[in-house]
Amino acid sequence: MTNDTLIRGLSRRPPLRFAFADTTALCRDGIIAHDADPAGGAVLSEVLTVAALTAVLLEGDERYSFRYGYRGAAGVLLADVNARCDVRGLPSHPHLEEYAHDPDACFGKEDALISVVKSENGKVLNSGQISCGMASPAGDASMFFSMSDQIETEFVTEVRFRPEPSDPVAVAAGFMLQAMPGCDLEEFARTREILHTPEFRTTLLDRELPLEKKLRRLLTLLKLAAEDSANVSYQFAATPGFRCSCSRESMKRALLTLPPEERKQLFSEKPVVNVSCQFCRKSYSFTADDFPKS
Ligand SMILES: [Zn+2]
């Protein structure tokens with residue numbers, strides 16, 4: 001069993017913010033909840049890991065809600081996250097195995113529509129939407145934060161599966177880099193490129209390295225911590241997990257939005273109505289007695 005971890009950190013030279021997350025259990029639980037196949041699970045893992053990394057950008061009751069609208073078979077993927085790194089995700093098409101080797105068919109030839117909303121207790125703080133065609137949720141999220149928030153940002157995620165239906169993820173991890181004020185853009189571009197080197201990606205997937213050693217190695221590869229370890233500071237931020245915010249009350253509120261006539265009709269057909277949360281598949285049962293007579 002892995003304990004997922006999210007670490008936040010800063011580098012002084014160049015001035016960067018970074019986040020590193022082990023999301024093995026988060027991705028496993030998301031894949032199992034949505035019965036995703038390996039190709040669908042890889043896309044969902046990318047979406048969940050990116051969401052987990054962005055928890056370091058949130059405070060208090062703030063929340064990010066992501067919507068990736070692909071024009072290919074992957075369709076629409078939703079995810080949200082709060083500052084405690086409670087992450088949940090919803091893929092419209094969790095079965096993508098037949099498109100595994102065809103990014104155009106999976107993500108579409110046309111640009112995807114990516115939208116991100118930052119909210120606090122249901123109130124929108126800011127929102128943005130961009131079209132982009134990176135054919136990967138991590139690439140599209142990088143583009144979103146760099147363009148819409150005008151802060152150079154790069155995400156990289158990795159996942160490795162194993163043939164074990166009850167525990168399908170051997171390891172999943174991700175890294176985020178974000179330019180801070182005063183960061184030279186060329187220097188950021190050089191550091192960003194390292195995220196995509198095979199060496200960096202292989203290190204992310206290393207299961208033998210203890211977490212902090214892995215982080216030190218990643219920072220060394222990025223040339224942020226090689227000679228001068230005082231150049232970086234980092235701390236534990238949260239424990240990522242596939243945790244849904246649904247409740248019996250929230251499901252009841254959803255049923256209360258039905259016109260009373262429709263609700264009456266529903267309960268006349270079925271004495272017990274089961275409503276499932278789309279995000280986590282948890283089922284809630286209601287009878288007519290749960291609602292006001294009207
Ligand atoms: Zn739920």
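The values are calculated or read from the model by the stated rules, or taken from the named source; none is laboratory data. Predicted, not measured: the structure shown is a model, and the values here were computed from it. Virtual Cβ from ideal backbone geometry, glycine too; neighbours counted across all protein chains shown.
Among residues belonging to region 1-20 that are surrounded by 20 or more Cβ atoms within 10 Å (Cβ to Cβ) and of a type in the set (G, A, S), point out the one that is farthest from F188 (Cα to Cα). The residue in question is A19. A search for C-beta distances below 8 Å between a residue of region 267-294 that is among the polar types (S, T, N, Q) and any residue that is away from the ligand (no atom under 16 Å from the Cβ), counting only pairs 6+ apart in sequence or on different chains, returns S285/V272; S285/V273; T287/F267; T287/P271; T287/V272; T287/V273; S294/P260. Please find, among L204, L258, L224, the residue that is farther than 25 Å from D29 by Cβ, buried (at least 17 other Cβ atoms within 10 Å of the Cβ) and either away from the ligand (no atom under 16 Å from the Cβ) or among the acidic types (D, E) (or both). None of the other options fit; the residue is L224. Of the residues G40, G75, the single one that is over 13 Å from the mean Cα position of the chain (by Cα), surrounded by fewer than 20 Cβ atoms within 10 Å (Cβ to Cβ) and among the small types (G, A, S) is G75. Somewhere in region 129-140, is a residue at pLDDT 95 or above, surrounded by fewer than 15 Cβ atoms within 10 Å (Cβ to Cβ) and not small (G, A, S)? Within region 129-140, one or more residues are at pLDDT 95 or above, surrounded by fewer than 15 Cβ atoms within 10 Å (Cβ to Cβ) and not small (G, A, S). Being outside any loop (DSSP other than H, G, I, E, B), of a type outside the set (K, R) and surrounded by 15 or more Cβ atoms within 10 Å (Cβ to Cβ) is true of T191. Kindly indicate whether any position in region 269-291 is away from the ligand (no atom under 16 Å from the Cβ), of a type outside the set (A, V, I, L, M) and touching a Cys at 6+ places or on another chain (Cβ under 6 Å). No, there is no match, as no residue in region 269-291 is away from the ligand (no atom under 16 Å from the Cβ), of a type outside the set (A, V, I, L, M) and touching a Cys at 6+ places or on another chain (Cβ under 6 Å). Can you name the residue in region 227-255 that is of a type in the set (G, A, S) and within 16 Å of the ligand (Cβ to nearest atom) and is also surrounded by the most Cβ atoms within 10 Å (Cβ to Cβ) among such residues? Per the criteria, the residue is G241.
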